[in-house]
Amino acid sequence: MAELLATAALTKRFNGLTAVNEVDFRVSEGETAGVIGPNGSGKTTLFNLLSGFFPPSSGEIRFDAASITRLPPHRRVALGIARTFQLVSVFSTLSVWENAVLAVLRFQPGGIRPGPFFFRSARRAPVLERCAEALARVGLTGKAALPVAGLSYGDKRMLEIGITLALRPRLLLLDEPLAGLSDHEIARVVELIRSLRGQFTVVIIEHKISKILELVERLSVMNEGRLICEGAPGEVLADPRVRACYWGKEAPAC
Amino acid sequence: MTFMPERAAFSVQPAARGALLRELALLAAGLLLLALVIRVHWMADFAVFFILVLSFDLLYGYMGHLSFGHMLYFGAGAYGAALWLVYGNASAWAALAVGLAAAAGMAALLGGVVLRTRGASFALINMAFNEIGHFLVQSPLAAYTLGEDGLSCTADPLFGAISLYEDRWAFAFCGAVLLAVYALLRLLTRSPFGLLVRSIRENESRVRFLGYDTFRFKWIAFVIASTIAALAGGLFTLVQGFVSPRVISPFGNVDVIFAVLIGGAGSLAGALIGAAAFLAIKNFLPVIIPELSRLLDVKLPQWELWLGVVLLLIVFSLRGGIVGTVQARLRNRKPAGEAQ
């Protein structure tokens with residue numbers, strides 16, 4: 001499989017704390033990869049570096065063989081890197097439909113990019129179709145008219161993934177997509193992620209390891225800022241180093 | 001087949017064309033009514049204030065960027081027009097154009113600086129630039145602006161016939177510009193651009209992760225808001241025939257902020273209603289308070305104190321201003337009746 005994303009000695013320091021320490025992380029085109037690790041092991045910091053939330057202290061990030069180390073977030077989205085957030089982040093003062101419009105319009109030919117005012121672009125048929133498609137994929141068609149503020153947390157999570165998919169990413173970064181959800185909602189989101197396999201390249205950070213074990217083809221483990229183990233999920237969880245770092249915190253493959 | 005959500009979901013879809021025309025008719029009727037109730041003499045000034053408040057609402061209400069330096073652009077429009085009338089020629093159109101161009105150019109340049117900040121820093125850095133502008137017209141440029149003495153200027157009648165020094169014509173002209181500004185902002189705020197500006201207010205960082213260069217859109221909105229403020233300033237010059245450093249003083253910004261807060265930020269109707277309420281308070285309290293004092297035979301404090309009381313009431317009891325409160329009441333009533 002072709003390599004889509006690769007980091008080289010990626011490091012991020014915050015006032016003496018090294019949150020991400022010389023990490024070499026690779027993602028191949030088309031795979032679904034998982035990143036696990038105890039709290040504070042640097043998983044979210046790694047995502048923040050990959051998505052451009054802040055620049056690294058040192059090291060390099062290459063996407064599709066080109067360096068993106070210092071690109072701002074919106075340029076990375078244009079290249080095809082899209083993410084969701086640990087705490088669901090959608091626009092709660094807008095309606096569900098408007099959230100979709102915002103995501104879809106960005107990459108519409110003749111849409112938002114060239115002309116700033118685009119009065120009519122939101123009513124063009126291709127835009128309407130793609131918004132409807134984005135909501136249908138996450139099962140929110142019937143709630144299009146509702147204000148987001150009134151949605152359940154699970155629906156907000158589905159919407160967030162839906163609008164992120166509407167960006168047509170080549171690499172989708174999901175930061176703890178199951179956090180804070182009920183069992184019923186977890187089942188919906190897991191089902192959605194499973195349906196993405198083969199269509200998108202996905203990297204998932206997750207605490208609920210048991211829920212994503214069957215979803216991911218490859219598992220990476222982080223501890224204290226370092227990538228300590230990588231490989232097929234079964235092998236990784238059997239690795240003594242992984243067991244050691246989880247010992248007393250949570251049992252991995254339960 | 002294309003899917004169409006209910007219209008309620010979709011503020012970016014311009015409602016039927018009739019809606020905008022209805023709103024404009026309502027606004028025009030409101031202005032005429034106001035002109036009948038109070039003296040026409042004041043109406044041009046009121047229209048100028050309405051335009052200024054609308055421009056501020058785009059920046060603060062819709063985009064969430066509170067500025068204490070918006071008067072810089074009002075003042076640039078006013079002084080630009082006045083300087084042209086004194087040192088250029090007497091064409092009102094050219095004077096307006098010069099004022100707009102001066103303010104737009106300044107906003108384009110300064111926007112590149114001030115929009116790197118947000119929150120309190122944004123408010124204060126704008127005020128700092130405003131103070132600089134105020135100082136410049138007061139003394140370093142006094143050779144041209146005549147400093148505190150102010151600058152008198154005269155424009156030729158529009159189309160050779162319409163003199164803006166006649167109250168009715170001044171009202172008609174400023175009122176027409178107000179309607180045009182309202183229509184422009186209505187279209188803009190209901191367009192996807194408006195959607196983007198509102199989403200920047202809620203969570204700018206998230207908008208960047210949807211792939212938008214938010215700085216660019218903030219800059220466009222800032223330049224538009226500043227240019228509309230300059231349009232109000234240019235009209236002020238044409239109608240008054242006189243400008244002084246007062247028009248570019250950051251102090252005037254307080255009135256604008258109060259008006260938007262009273263009416264409800266983030267709604268054009270709110271901005272207009274707030275501006276009207278503020279003008280009513282500001283113009284009638286000074287008349288009513290002394291009358292009341294005499295009537296009741298007690299010494300009541302000055303009207304500014306009562307303005308403060310009104311603002312306190314609004315901040316504590318009418319969150320979201322007049323329009324925001326009414327909308328929230330209506331919304332709360334509906335779901336109660338419609339719940340499954």
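Show me the GluC sites (Glu not before Pro) within segment A:170-228 that DSSP assigns to loop and that have at most 15 other Cβ atoms within 10 Å of their Cβ.
Loop-located and lightly packed - A:GLU214, A:GLU217, A:GLU224.
For peptide A:84-96, compute the average count of partner chain beta-carbon atoms within 10 Å of each residue's beta-carbon.
The shielding value for this peptide is 4.
For Cα pairs less than 8 Å apart in space and 6+ apart in sequence, what is the mean separation divided by the residue count of segment B:18-267, i.e. the relative contact order in percent?
Over segment B:18-267, the number comes to 42 percent.
How many Cβ atoms of partner chains, on average, are near each residue of A:99-106 if near means within 10 Å of its Cβ?
5
Ranked highest first by the average count of other Cβ atoms within 10 Å around their residues, in what order do B:72-81, A:226-235, B:193-202, B:92-101 fall?
So the order, starting with the most tightly packed, is B:72-81, B:193-202, B:92-101, A:226-235.
By count of other Cβ within 10 Å, fewest leading, how are A:SER152, A:SER41 ordered?
Going from sparsest to densest Cβ surroundings: A:SER152, A:SER41.
Calculate, for A:HIS184 and B:TYR165, the FRET efficiency according to 1/(1 + (r/R0)^6) with r their C-beta to C-beta distance and R0 60 Å; round to the nearest 0.05.
0.25
For a quick check: with amide H placed at 1.01 Å from N, whose amide H comes under 5 Å from B:PHE242's, ignoring anything fewer than 5 positions away on the same chain?
B:CYS153
Mind counting lysine pairs for me in the protein assembly as shown? Cα separation below 22 Å, and the two need to be 8 or more apart along the chain or on different chains.
Total qualifying Lys-Lys pairs in the protein assembly as shown comes to 11.
In the neighborhood of A:GLN86, defined by Cβ-to-Cβ distances under 9 Å, what is the net charge if each Lys or Arg adds +1 and each Asp or Glu adds -1?
-2
List the extent of the Cα atoms of the protein assembly as shown along each of their three principal axes, largest first, rounded to whole Å.
88, 59, 55
Report the percentage of all Cα-Cα pairs in segment B:18-267 whose separation exceeds 23 Å, rounded to a whole percent.
Cα-Cα pairs of segment B:18-267 separated by over 23 Å account for 49 percent.
Among A:ALA149, A:ALA134, A:ALA103, determine the one that fluctuates most according to a GNM of chain A built with springs between C-alpha atoms less than 10 Å apart.
Sorting by GNM fluctuation, first place goes to A:ALA149.
Fewest Cβ neighbours within 10 Å first, please rank B:ASP57, B:ASP297, A:ASP175, B:ASP149 accordingly.
B:ASP297, B:ASP149, A:ASP175, B:ASP57
What average number of partner chain Cβ atoms lie no more than 10 Å from the Cβ of the residues making up A:162-172?
1
Please find the FRET efficiency linking A:ALA145 to A:GLN199, where r is the Cβ-Cβ separation and R0 is fixed at 30 Å, and quote it to the nearest 0.05.
0.60
What's the local net charge at B:PHE74, with K and R +1, D and E -1, over the other residues with C-beta under 15 Å away?
For residues surrounding B:PHE74, the net value is -3.
For every other residue with a beta carbon closer than 11 angstrom to the beta carbon of B:HIS65, add +1 if it is Lys or Arg and -1 if Asp or Glu, then tell me the sum.
+2
Multiplying the sequence separation of B:VAL326 and B:ALA29 by 0.36 nm and subtracting their Cα-Cα distance, what value in nm do you get?
Gain in length upon complete extension: 104.8 nm.
Among A:ARG106, A:ARG170, which comes first, second and so on when ranked by fewest other beta-carbon atoms within 10 Å?
Lowest to highest Cβ neighbour count: A:ARG170, A:ARG106.
Which helices, counted as full DSSP H runs in chain B, have an axial Cα extent of no less than 20 Å and a Kyte-Doolittle average of 1.6 or above?
TM-like helix candidates: B:17-37, B:40-56, B:92-114, B:303-317.
At 222 nm, what helix-only mean residue ellipticity would chain B give, in deg cm²/dmol to the nearest 500, using -39500 (n - 2.57) for each DSSP H run of four or more?
-24500 deg cm²/dmol
Taking 60 Å as R0, compute the FRET efficiency from the Cβ-Cβ separation of B:LEU295 and A:LYS208 and round it to 0.05.
Result of the calculation: an efficiency of 0.25.
Pull up all non-local amide H partners of A:VAL35: gap of 5 or more, or a different chain, and H-to-H distance under 5 Å with H placed in the peptide plane.
Close amide H contacts, sequence-distant or interchain: A:ILE204, A:ILE205, A:GLU206, A:SER220.
Read-outs: derived from the displayed coordinates by stated rules, not from any lab. What you see is a predicted model; the values in this text were computed from it and never measured. Note: ideal-geometry Cβ built from the backbone for every residue, glycine included; neighbour counts use all protein chains shown.
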